[in-house]
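Structure record follows, encoded as structure tokens.
The values are calculated or read from the model by the stated rules, or taken from the named source; none is laboratory data. Owing to the predicted nature of the structure, the values given are computational and were not obtained by experimental measurement. Backbone-built Cβ (ideal geometry, glycine too); neighbour counts: all protein chains shown. Please note that ligands, DNA and RNA were not included when accessible areas were found on the heavy atoms of the full protein model with its side chains. Shrake-Rupley method; radii C 1.70, N 1.55, O 1.52, S 1.80 Å.
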Amino acid sequence: GQQVMQIPQYQHVQEGEDFTTYCNSSTTLSNIQWYKQRPGGHPVFLIQLVKSGEVKKQKRLTFQFGEAKKNSSLHITATQTTDVGTYFCAAINTGGFKTIFGAGTRLFVKA
Amino acid sequence: DAGITQSPRYKITETGRQVTLMCHQTWSHSYMFWYRQDLGHGLRLIYYSAAADITDKGEVPDGYVVSRSKTENFPLTLESATRSQTSVYFCASGTGLAQPQHFGDGTRLSIL
């Protein structure tokens, strides 16, 4: 069955450093979504990527969808303490019949 | 998000008891979902519903029952709670299976 791996599981950074989390699927995807969950909070939708090779930016966040539509990444430039939380990818399989969430990458930012 | 509410926020119960978690959304979204979140496992889908009276199993449905008599409500029942069901439960809604989901604040359930 479809598997979604997200790495790393944890990342500690100094404020101002960059951060990247990767999401890899065993199967080709229809689209991929990214969510952020603050400590003690609920997942909040950030962005959806649909096209092969797509790149989208939201301020300091850059999202990429691989050419083969099997992997994706989220890159944060110059992290801030407000970036702390867990970042999840949600992989939607071809046909849009199933969404599987990655286990998440928890980001810690030291001021 | 104000459009989807879960209750209760916290619940402590004992093994063998029945417990129902409530979820209500005001967006008129067709789809509703129930997830459980445990350390190291991310979000795992328990059940989802495409419309009123239409429900389907997710990845971990055993021990859970859902119903959807009205579009806006999607209660989740643990018929005989077990300690392994201690978790944080999130309800979500969306316009389609492949569309972004809006999550409630969650219910933290402890089973002693």
When all protein chains stay in place, what accessible area (Å², nearest 10, 1.4 Å probe) is found for A:D83?
-> 10
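At 1.4 Å probe size, with the rest of the protein present, what percent of the exposed accessible area of chain A is carbon and sulfur atoms? Don't skip to the answer; put the middle values down first.
Values: 2820 of 5380 Å².
The C+S portion of the solvent-accessible surface of chain A is 52 percent.
What number comes out for accessible area per residue over the stretch B:1-99 if the probe is 1.4 Å? Units Å², please.
Numbers: 4880 Å² over 99 residues.
On a per-residue basis, the stretch B:1-99 sits at 49 Å².
Would you mind counting up the charge near A:S25? Only other residues with Cβ under 14 Å from its Cβ, with Lys and Arg at +1 and Asp and Glu at -1. Mind dumping the intermediate values first?
Numbers: positive: A:K69, A:K70, A:K98; negative: A:E67.
Neighbourhood net charge equals +2.
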Heavy-atom accessible area per residue, the stretch A:1-106, 1.4 Å probe: how many Å²?
-> 48
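How large is the charge dipole for the stretch B:54-112, taken about the Cα centre, if only the Cβ atoms of Lys, Arg (+1) and Asp, Glu (-1) carry charge, to the nearest 20 debye?
80
Please compute, for peptide B:100-108, the average count of beta-carbon atoms on other protein chains lying within 10 Å of each residue's beta-carbon. Intermediate results must be reported in sequence, preceding the final value.
Numbers: counts 10, 7, 4, 7, 1, 3, 5, 0, 1.
Neighbouring Cβ atoms belonging to other protein chains average 4 per residue here.
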A:R60 accessible area, nearest 10 Å², 1.4 Å probe?
-> 60
Cα centroid separation - the stretch A:12-88 against the stretch B:68-108, whole Å | 24
For chain B, the Rg and Dmax computed from alpha carbons only, in angstrom = 12.9, 37
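List the equivalent ellipsoid semi-axes of the stretch A:4-110 in whole Å, largest first, each obtained as the square root of 5λ for an eigenvalue λ of the Cα gyration tensor. Walk me through the intermediate numbers first.
Values: eigenvalues 106, 39, 26 Å².
Semi-axes (√(5λ), whole Å): 23, 14, 11.
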What relative contact order, as a whole-number percentage, does chain B give when Cα pairs under 8 Å and 6 or more residues apart are counted?
-> 36
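Please report the carbon-and-sulfur percent of the accessible area for the stretch B:4-111; probe 1.4 Å, protein heavy atoms only, DNA, RNA and ligands left out.
Numbers: 2320 of 5050 Å².
C and S atoms contribute 46 percent here.
What total accessible area, in Å², is buried where chains A and B meet, using a 1.4 Å probe and rounding to the nearest 100?
On the way: alone 6080 and 6030 Å², together 10720 Å².
The contact between B and A buries close to 1400 Å².
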Mind listing, in residue-number order, the residues in the stretch A:70-111 that have at least 20 Å² less accessible area with every protein chain present than in their own chain alone (1.4 Å probe)?
-> A:F88, A:G96, A:F97, A:T99, A:F101, A:A103
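In the structure shown, do any of A:K56/A:K98; A:K36/A:K70; A:K70/B:K11 have a Cα-Cα gap over 28 Å, and if so which? If you can, show how the numbers build up before the last one.
Working: A:K56/A:K98 23 Å; A:K36/A:K70 21 Å; A:K70/B:K11 39 Å.
Table pairs above 28 Å Cα-Cα are A:K70/B:K11.
Going down the list A:K110/B:K57; A:K69/B:K57; A:K57/A:K110; A:K57/B:K70, which pairs span over 32 Å between their C-alpha atoms? Present the calculation step by step, with values, prior to reporting the outcome.
Working: A:K110/B:K57 41 Å; A:K69/B:K57 26 Å; A:K57/A:K110 24 Å; A:K57/B:K70 38 Å.
The pairs that break the limit, which is 32 Å between Cα atoms, are A:K110/B:K57; A:K57/B:K70.
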